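Please read the structure below before turning to the comments.
The values are calculated or read from the model by the stated rules, or taken from the named source; none is laboratory data. What you are looking at is a predicted structure, and each value in this text was computed from that prediction instead of being measured. All Cβ positions, glycine included, derive from the backbone under ideal geometry; neighbour counts span all protein chains shown.
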Amino acid sequence: MKLTIKGTNIKLTDSIREYIDKKIGGLEKFARAPSTECWVEVERTTYHHQSGDIFRAEAQIRLPGASSIRAEASEWDLHQAIDKVKDELQRQLKRYKRKIITKRRGSD
């Protein structure tokens, strides 16, 4: 899976890149197609207000064909936002995989 990471209003350190690669890159086992692409954007939503959900993570995975899945989360901690996005993408990928398997079995 090709992974593209973008940071908005935040400096992407090596530790953040490694964390995203570890979490989101681990979803590759659910989407094994070679043409799978994933875009991840992490951002700090504001510098002024220091309480509440100030970090946002968003990811989109383009799957073979014309389908794609997308998830986003806002949290007070960047790592928690990335974890929530990973969990949602994993849920959607499992659903997509079940749908593809059901279509193949139904056409026999």
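Brief remarks on what is shown
- Screening segment 74-92 for residues that are acidic (Asp, Glu) and in contact (Cβ under 8 Å) with a residue 12 or more places away in the chain and picking the one that is surrounded by the most Cβ atoms within 10 Å (Cβ to Cβ) gives Glu75.
- The requirement of being surrounded by 11 or more Cβ atoms within 10 Å (Cβ to Cβ) and in a loop (DSSP other than H, G, I, E, B) is fulfilled somewhere in segment 50-60, by at least one residue.
- Enumeration of residues in segment 62-107 that are basic (Lys, Arg) and either closer than 24 Å to Thr4 by Cβ or touching a strand residue (DSSP E or B) at 6+ places or on another chain (Cβ under 8 Å) (or both): Arg62, Arg70, Lys84, Lys86, Arg91, Lys94, Arg95, Lys97
- Filter result for Glu75 (acidic (Asp, Glu) and touching a helix residue (DSSP H, G or I) at 6+ places or on another chain (Cβ under 9 Å)): yes
- Considering segment 1-27, the residues that are closer than 18 Å to Asp87 by Cβ and surrounded by 15 or more Cβ atoms within 10 Å (Cβ to Cβ) include one that is modelled with the lowest pLDDT, namely Met1.
- Only a single criterion out of (1) closer than 27 Å to Lys99 by Cβ; (2) of a type in the set (D, E, K, R); (3) part of a loop (DSSP other than H, G, I, E, B) is not satisfied by Lys11, namely (1).
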